[in-house]
Every structure is written in structure tokens, then in C-alpha cells.
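Trainee: Below: one structure in C-alpha cells.
The values are calculated or read from the model by the stated rules, or taken from the named source; none is laboratory data. Small disclaimer: the values here were computed from a predicted structure and weren't measured. So basically every Cβ, Gly included, is an ideal-geometry build from the backbone, and we count neighbours across all protein chains shown.
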Amino acid sequence: MTFSSGIFLVYFLPLILLIYFCSPTILRNGLLLAGSIFLYWWGAPDFIWILLLVSGINFYVVHRIHNSERPKFYLVLYVTINLALLCYYKYFNFFIDNFNLLLEQTGLQQIQWAAIALPIGISFHTFHSITYGVDVYRKEAKPQKSMFNYWLFILFFPQLVAGPIVKYKKIAPQLSHRKDRLENVINGFYRFSIGLAKKVLIANVLSEYGDLLHNWDTTVLQTSSTSIAWMTALCYTFEIYFDFSGYSDMAVGLGTMFGFRLPENFNRPYLSKSITEFWRRWHISLGDFMRNYLYIPLGGNRVGTNRMYLNLFIVFTLSGLWHGASWNFILWGVFHGCWLIIERLFRLQKSTSFLRMLITFIIVLHGWVLFDADSFSEAWNHLTAMYRFESVEFMDSADLFYFNSHVFIATMIVLLGMTKLSRLYYLKLTQIRNIKTSLIYLFIAGILFFISLSHVVTGSFNPFIYFKF
Amino acid sequence: MKTRSSTYRYIALTLMGLLFLPLLVNHLPGIPKAHVFGVEEQQDSVSGSWLDGSAQHQFEKKLMDHSVSRTYLLRFRNQYQYTLFGKINANNIYKFGDYYFRFYIPSFNDASNFIGKDSIEHTLDEIVQLQHYLGDSIPVITIIPPSKHHYYQQFLPERNRTRSKETNYHYVLAGLKQKQLHHIDFNHYFLNNRSEIPAIFAKGGIHWTSYASTVAADSLMKYISSVKQEHYDSFSYDTVYHNGFNVDDLDLELLRNILVKPKDTRLRDVIITPKKGKKRLKAVIIGDSFFLTIQNSGARKAMFTDDSFYHYYFSRTYNSDLELIPFDIHKIKDAMKEADCILLVNDITNLQVFGFGFPRRINYLFR
């Protein structure tokens, strides 16, 4: 049951809001936990027991970290348990596949095994668990006394499946003391509707075009025009942004409705003037996690220059691998890591702002081609098609056929959304100051919600891109 | 300050109430359920397991597929996409001038339906033979209704267009002319007059409209009158413009599943008035479903006597009230000898079964 599914919007959301605000305060965390477990069970009943069990074990191990005289030992044990779980479910198939490939090359018999299904949200579950253990180890937060509150932190439905990655020390106070106000529903609903519209009305429309290359066979791909190769790359670039930032808006909006402040994940990343800046604006909570829980423990900037470059390389390679057990994700991580190193090596920050923004955008776009491809050969064919320049027309008739009015309008919205004006307007909208404006925002949100709902209930299953990570 | 806070609370409560609206629409009594055309309302049962997630999936599908709000939301989506972007969320819909139609056989192409010259020649020879047995006083008339495929060909995708002359239609028509058999080619007539007469095809369905079939029936009466040198004008008709649809003129409004009925004055309805005291034809009718529109418009009862039976695909027999009666080939043969005329209604798509085996089987009895 995703946020953008009919059953969530028509049944789950109104019912849980009603029951939540009708319940006494003492029962509200329990209700949210029950709702979160129900939601996860609905989509993945096989795995809810694993998450509950592992979380239960984590709860006791973290208490040992806090109370024991050997906290480091328990921290290593704790991180190992969580990473082992992640490795088993997420990377085992990948490792065996590649090992079998190696065995095949050497003429040895391959290992027979049944592929392991990936539990939804396992990556985010692991990251949340790690922030909890490390924050307690660093004495930045006290361990949670209540097992139910701990489960709520781990399983809270707005952030369980695809983030944002919430640091335990930030959310801990909200678990026990937060202000539940009906007014939060207005702000949260507004944010949620914006996110829903981003996903349904923009990302899904762009995907009609962006997914074209996946539907074509290699022959068509090898002969596709330069314009179509660029257009599909552009569409995917914006699709993944609107898909993921739409999801994040919905998660933040849902959190707001229930009195939680979840961290922001995006800040107009395509206006970044460097790859370093891009990673401060794109998937902010992941960047924050990687910096605090991986880059800094590796030494961060406090080490020699070569070691710092190596650290950057490791962090981005692992970041790529985290996105998916596939070589193209690793390559994507390496691609970004290399650009970051190049930026620091050559100090590429002296050209004009617009040029830097354009260059950064083009680099990021090429990265998305690697990210989106199902294989190396597909990525290569796409990249070569972008630079073939055989078709001099900007758009031939086939391009125009695919580039229908929907995609055109979605693109216009995307371009408008990139301007500074839209950001100011957006900020103004999200800060309700008086009743008149709040009614206007509510009206806008209502329209967006209604139009999006009309798409959701009539469409097929349409998960967010980041659900598979 | 307190007033402001309470106002926010009222707004929030109203919002939560509105969020319940799609859910309540599903369950409140008295709200008409708007059916979605083309979607079968099946009562799916939940047979999967709640442990592996299959039951959840089935339950979710059942809940959403049968929800009333879904049908209204679907129509809302279709309406705004159609109004703003001209997009139609239905398969096989094409544009003809300022209105839309559905082509019902997406892969159809006349050329790929060709059954061969010899086969057509053989059936035509059987009709010649049958005409010989019956004599000139009982004309065997082949009626070719217009084809949606030909009528809209230039607006269809390339795969549906036929440039080859190696088609059943071409050879049947040439053979009928060459062997001087009685026939009326309504396809040619309507195609040539496409710009001057109202749309003759139900926009969603397969068959010609009530209007087109009545024009054809009227022409058929005149044709038989000229062949038999006797005056048959047993009905008259008037046309009225209408924006809606009737059973035979299924409007695209249904196919599009939109909220507001589109205005379209190109469809016409017919009002048939039988003429008292005029002689009706006694006919043996063999045909495909195109004849059903003549039946439904009321023209059949005005044109033909009550014992003029309709033999659908020469395998089922219907009386003038469209009730099924036993199919008896010997009775058909006897009726033919007493008939004023024999009508073979064979639309272009069905020319691959030209004659439905009727001339060959009847000739066998005559021999």
C-alpha cells in the first residue's frame, strides 16, 4: 500500500486521522505503531515479522551499548547484525550471480540457489537502526525506554519505506513530547497534496516518455535519434526528481499531520553549481547520514589529501551500491565520486554561476543515464545515441508523436518550478499566516488532491522509484 | 487569538470530513452507481492467503474496482484530459473530422482477409445457378452494406489501410457486375456521399446507424420496385437530429466515460411510418448482423410480410418479432419458391464467408 494508492488515500488516511485525533494522547503512539505495522503487513506480510524481531534484538543490544563497560564491542555487534541483514537480503543474489559468472569463466560448476526476495524498506530500516545505535554510543541520545516507542521510530509509516532518513537524536524528543494540533492537518495535507501531484501529475507523465528506451529493443536503441536520446534522458532526470521529492513531500506532510517534523530531503538540486553542492541538495538525509556515519568515521577532511580523496571515493561507491545491487548503480556512485574529486583537484569553481549550473546539470543528467539503464550495454547505447548527431532535426515525427501534450505541459511545469520565483511562492504557501490564505492554500491542495486521486484510483500499481532501494 | 485557533480547528475538521467523502460515496445509500462502459462489474472473491499478501492484493482490487467513487473519479479524469488535451482514454479511438469513432477490429485489413478469386467465383456461379432455378420473377439480390473500414480508411493507422485490389470486396463486386447478378453496393454509395450526409456509423459499434440502414432500406424498396416492375413503397421516414444515442447508435460518450455528454449534431434518428394498404414484400432474408439494424429501426415490419423470415448466417432463423424458430432448410427452399425476392445481406468484413454457404446448399436441394 503506497501513499499514491487508492486504498491508502480513500481508506487508510482518513480513517487513521479520525481515530488518531479521537484517541486520548496516551494511546496515540500505539495507534500510529499499529497503523504502521498494518500498512507494512498489507504490502509485505512475509517480512513484518523479521523487522519486528530484528528491531526487538536491536532494542536490547543498544541498551547494552549504553549500560555495558564494553560499548564498542556491542556497537560493532549491533552494526554487524544490521549490515548482515541488509547484505543477505539486498546483496546476496548479486554476489552469487557474479560469483557464478566467475565460475562459468573458469569452467567450474555454478552454485544453485533460490533467489532471495528483497523486503521493502530494508535499506532505510538499516540506516534508521544504525543512527539509533551510533547516537546512543556517541552519547548524543539516550536509549529509548519504551519498546513501543522504539518500534514506532523504526516502523513509522511515513518514513519506513523510502525515508527521509531520520536521525534518532532528532526524533527522540518528538516520540514522547510533541504537539498534536488539528491545525497541523492543514499544513500536512497541503504538503502531502503537493507531493502527490508531483508524483502523479508530473513524474508519471514524464515516465511515459522517459521509459520509452526500456521498451525498445537494442536495434531501435542503436538507431534512435540524438534528440530522442536527449529527451528521454531529460525526462528521466526530472522524473526521478519529481518522483522522489514528491514522495518526500508526502512523507513530510504525513509526519506533520501527526505532529512530527521529518527532515527535508531536497532543495532544488538541479540548480546546484557543483557536484558537491548537488549532494547537499539531493537526498539530503542520505548525504547527511553518509557524512556523519561513514565519511567522518573514515577520517573525513581531517586526514591527508590522498586519504580524503579515497574516503570520498569509498563513500560514493558505497552510496551507489546502497541504491541497488547492480553494477550500473556502482558505476553511478563511482561517476559522482570521481566528479567530486575532480572538482576538488582542479578547483572548478571560478566560472560564472549559470555556466557552472549548466555544467553540473549535464553531469548529473549523464549520471542518471547510468542509473536508469538496466545494463551496461543499454547505458552505452543511450550515451552514444546522445552524441551520434545523425538526426539533425530537433524533433522528428516519431519524437513529436511520443512527446504529446501531457509531457509538454509537465515539462513546462518543471521549468517553471526551477525558477527562484516558484521557490519563494512555495515557501510563502507553506507558511500559513492567516485564515484567508490558509483557505486559499487548502483550496489549491484540495484541487491537486482531487485531480491526483482521479489518476490514482483509475491507474494500475505505480510504486515510487526509490521503493526498490 | 483564541478565535483564530478555533477557526483553524474548524477548517481542519472540515478538511478531515472532505477526506472521507470518497469513502462515504462508496457506502452511502441513494448515490447512483455510475457504471463504467466496457468494465464488467464482477464480484471477485478473495481466495488468496493473508500470509503471502495475495489476499490483500485481491481485497484491495475488489475494494477499488467496485467503488462508486472510482467510477466518478475515472469520468472526471477522462473529462478533464479530453477537455484540456483532447486525450481519449480508450483503445482504438480515431478522429474523423470533428468527431471520434472506434475501429472495432484493431488488426483488420481487407487484403489479409482475401479468400481467393476461385472461391469467390465459385460462390458467384452458385448464385447464378440459384437465380436460374428460381427464374427472373424471384430476383436474388446481394446487398453489400457500407464498411466502417472503408468509410474511415484514411483516418485509420497504416496497418488497417488497404491499397491492394486483391480483396474480397473488389472481386465480389466485379463478379456480380460481370455475371449481371442483382446487387446493391451501399458501401460505394455512402462513401461517395460521405461529406453530404450525416455520419452513418455508430461511433462505438460495428453496425450502420438506424439512419443509414433506413436510407438503405428505402433504396432497396426502390431497387426491387424497378427490378420487379411493381411499386413497393410500404413506408416513409423522417429524420430528426439528436445529440444522444440509442441502442444502435452507441455514442462515444459511453466509450470515453466522460462526465458531460458531448454535443454532436451529426447523428440522426429516424421515425418510420408504415403506409396503410401498401403491398409488403414477401422475402427470404439471409444475412449477417447488419440486417438487425433494419429490424430494430422498424423498417423490416413495414417492408416485409410477417412470414418473411430472417436466416442469420444461414444457421439460425428469426421471425418478424426476432424470436428464434427452428432452422429448416427444406422449408426455406419452399419459401423461396413463393417469395417476391431473395435478399443476401453480406457486409464487407464478412465477405470471407461470402454467401454463408447458402447458394450451394440450396442448389443442392434444387438439384
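Trainee: Can you list the helices (runs of 4 or more DSSP H) lying wholly within segment A:350-469 that have 1 or more residues being surrounded by 12 or more Cβ atoms within 10 Å (Cβ to Cβ) and at pLDDT 70 or above? Before you say what the answer is, go through the steps one by one.
Mentor: Details: elements: A:353-372, A:376-386, A:397-402, A:405-417, A:420-430, A:435-456.
It comes to A:353-372, A:376-386, A:435-456.
Trainee: When segment A:293-350 is examined, which residues are found to be among the basic types (K, R) and closer than 21 Å to A:V364 by Cα? Don't jump to the end; show me each part of the working.
Mentor: Of segment A:293-350, the ones among the basic types (K, R) are A:302, A:307, A:344, A:347, A:350.
Passing the criteria: A:R344, A:R347, A:K350.
Trainee: Quick one: which of A:L318, A:L312 is within 18 Å of the chain's Cα centre (by Cα), within 27 Å of A:V134 (Cα to Cα) and outside the structural domain of A:I16 (by TED's automatic domain parsing)? Give the derivation first.
Mentor: On the way: A:L312 fails: within 18 Å of the chain's Cα centre (by Cα).
From the options A:L318, A:L312, the qualifying one is A:L318.
Trainee: Now for a separate question. Could you run through segment A:99-142 and say how many residues are under 30 Å from A:H63 (Cα atoms) and not β-branched (V, I, T)? Spell out the reasoning first.
Mentor: Let us first name the residues in segment A:99-142 that are under 30 Å from A:H63 (Cα atoms), namely A:118-142.
Restricting the remaining residues to those that are not β-branched (V, I, T) gives A:118-119, A:121, A:123-125, A:127-129, A:132-133, A:135, A:137-142.
Qualifying residue count for the region: 18.
Matching residues to (1) modelled with pLDDT of 95 or more; (2) of a type in the set (G, A, S); (3) surrounded by fewer than 21 Cβ atoms within 10 Å (Cβ to Cβ):
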position: B:D306; (1), (2), (3): no, no, yes
position: B:Y310; (1), (2), (3): no, no, no
position: B:S320; (1), (2), (3): no, yes, yes
position: B:I325; (1), (2), (3): no, no, yes
position: B:D328; (1), (2), (3): no, no, yes
position: B:D334; (1), (2), (3): no, no, yes
position: B:E338; (1), (2), (3): no, no, yes
position: B:D347; (1), (2), (3): no, no, no
position: B:Q352; (1), (2), (3): no, no, yes
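Trainee: Evaluate the following for B:I127: is it in the same structural domain as B:I294 (by TED's automatic domain parsing), buried (at least 20 other Cβ atoms within 10 Å of the Cβ), in a helix (DSSP H, G or I) and of a type in the set (V, I, T)?
Mentor: On the way: in the same structural domain as B:I294 (by TED's automatic domain parsing): yes; buried (at least 20 other Cβ atoms within 10 Å of the Cβ): yes; in a helix (DSSP H, G or I): yes; of a type in the set (V, I, T): yes.
Taking the combined requirement at face value, the residue satisfies it.
Trainee: In this structure, does A:I26 turn out to be free of Cβ contacts under 8 Å to residues at least 40 places away in the same chain and not aromatic (F, W, Y)? Before the answer, list the steps.
Mentor: Numbers: free of Cβ contacts under 8 Å to residues at least 40 places away in the same chain: yes; not aromatic (F, W, Y): yes.
So A:I26 passes the test.
Trainee: On to the next question. Within segment A:34-88, can you find the residues that are of a type in the set (A, V, I, L, M) and without any contact (Cβ under 8 Å) to a residue 24 or more places away in the chain? Even if it seems obvious, please write down each step before you answer.
Mentor: Filtering segment A:34-88 down to residues of a type in the set (A, V, I, L, M) leaves A:34, A:37, A:39, A:44, A:48, A:50-54, A:57, A:61-62, A:65, A:75-77, A:79, A:81, A:83-86.
Within segment A:34-88, A:A34, A:I48, A:L53, A:V76, A:L77, A:A84 qualify.
Trainee: Under the condition of being facing chain A (nearest Cβ under 9 Å) and farther than 14 Å from A:V456 by Cβ, which residue from segment B:76-90 is surrounded by the most Cβ atoms within 10 Å (Cβ to Cβ)?
Mentor: Filtering segment B:76-90 down to residues facing chain A (nearest Cβ under 9 Å) leaves B:76-78, B:80-81, B:84-87, B:89.
Still in the list and also farther than 14 Å from A:V456 by Cβ: B:78, B:80-81, B:84-87, B:89.
On the way: B:N78: 22, B:Y80: 15, B:Q81: 19, B:L84: 11, B:F85: 13, B:G86: 11, B:K87: 17, B:N89: 15.
Among residues in segment B:76-90 that are facing chain A (nearest Cβ under 9 Å) and farther than 14 Å from A:V456 by Cβ, the one surrounded by the most Cβ atoms within 10 Å (Cβ to Cβ) is B:N78.
Trainee: Residue by residue through segment A:181-213, note down the ones that are in contact with an Asp or Glu (Cβ under 7 Å, 6 or more places away or on another chain) and modelled with pLDDT under 85.
Mentor: Hits for segment A:181-213 are A:L206, A:S207, A:G210.
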